[in-house]
1. R0 = 41 Å: FRET efficiency of Arg33 with Glu278, Cβ-based, nearest 0.05?
2. How much length would be gained if the chain were fully extended between Ala55 and Leu161, taking 0.36 nm per residue of separation minus their Cα-Cα distance, in nm to one decimal?
3. Given 0.36 nm per residue, what is the gain on full extension from Arg306 to Glu225 after removing their alpha carbon distance, in nm?
4. Rounded to the nearest 0.05, what FRET efficiency do Asp113 and Arg13 have when you use their Cβ-Cβ distance and R0 = 35 Å?
5. Could you give the angle, 0 to 90 degrees to the nearest 10, between helix 122-135's Cα long axis and the longest principal axis of the Cα atoms of the chain?
6. Using only the alpha-carbon atoms, how far is helix 344-357 inclined from the longest principal axis of the chain? Give it as 0 to 90 degrees, nearest 10.
7. Within 10 Å of each candidate Cβ there may be at most 10 other Cβ atoms; applying that plus a DSSP loop requirement, which trypsin sites (Lys or Arg not before Pro) in the stretch 217-305 survive?
8. Round to a whole angstrom and tell me the spacing of the C-alpha centers of the stretch 86-143 and the stretch 258-318.
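No lab work stands behind these numbers, since they all come straight from the coordinates. Being a predicted model, the structure only gives us computed values, none of them experimental. In this analysis, Cβ positions are derived from the backbone assuming ideal geometry, glycine residues included, and neighbour counts consider all displayed protein chains.
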Amino acid sequence: MTAANTTPADATRFTIREVAARLDAGARAERCRDATFGRVFTEHMVTLRWDPDAAWHGGRVEPMAPLPLDPATVGLHYGQIVFEGLKAYRLDDGCVGVFRPDRYGERFRRSADRLMMPRLPVRDFLHAIEHLIRVDADWVPPDRDRSLYLRPLLLAADADLALRPARRYLFVLTAFVTEMFFGAKRAIDVWLSEDYVRSVPGGVGAAKYAGNYAAGYRAQAQAAEHGCDQVVWLDALERRWVEELGGMNLLFVEGEGTAARLVTPPLTGTILPGVTRESVLELAPRLGLTVAERPVSVDEWQDGCRSGRITEVFACGTAAQITSVGQVRGRDRTWQVGDGRPGPVATRLGALLADIHRGAEQAPGKWLHRIDDVRDRA
Ligand SMILES: Cc1ncc(COP(=O)(O)O)c(C=O)c1O
């Protein structure tokens, strides 16, 4: 089916071509049985193009399919590629809610700008998401520990290997069903990366730039060799200051009960400004927590755990939500955080965030972008 769409006149238009035959509920459930991260994609994707003459144009909602790419597609060679990762949830009332898409859309623009790529207006970012969810609403899972992960990608598309910013770009939005990143609720063990760094001052650490992730594989492999789930990135200059995990920001809990305070490294340009981090910092006062953004050294982390001043440490991000850290390992030291299990602050914050995602708790401001007219198809 091809149809015009309801996009307002001032925004990019999308034409819609749906798959000829949709999967039925049984086939969908079968595909979703193992929802390991990044494997179970929905039936459609959204594409949009940019060139200097037409700006953003050619929006399409179409069946999910391989992209025809010239082998000389420049983004594949020089890495002019940025992406995002955000989630849509089935709300308790049956509608679908996308969590803070405007904030992810703004970060997508900042990442693009850092890589000399065109900045997709947040309005078009939202329309692309709305279109995909409307056409693939049946894929948004009702289960509390599952969601639909949305993956916007921007790729330099010139078939021309000149070493300069491309003149044509391709935006692709796909979505896949996902479950809890670290499986059952447990604390993760983390590896201090003392041999490799992720980011340098003046570099691309604050951008969701594709190359940041491949460049982390070597350190992540080291973490796995030492029995750890994730790598802790340290600052590049002194290897002394804690920055973040491979795909999550880090928060430290000092003290307990009503005296508890959240501490997290500041956004100085080498850390990805996580939307979950920002949300947790905004929610903290609701749980009676004070918040401080200040540098935390590895020594302070170890000493704080030993003395009991640091009672919990947890990571936060879109994929893993809130995940406690149980053990820290480095080349010549190992220590436990608290009793090594998920702590009360992380557990309460995780539950609050999960309730907000489902619309069961009121979010501060308009955090949930509701897509109401999909309810009947659920
Ligand atoms: C390196 C890195 N840090 C932190 C985060 C957490 O960011 P967010 O909460 O926006 O998912 C991510 C995930 O996107 C990440 O890749």
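1. 0.75
2. 36.0 nm
3. So the extension gain works out to 26.6 nm.
4. Once rounded, the FRET efficiency stands at 0.90.
5. On a 0 to 90 degree scale, this one is about 70.
6. 10
7. none
8. Taking the Cα centre of the stretch 258-318 as reference, the centre of the stretch 86-143 is 27 Å away.
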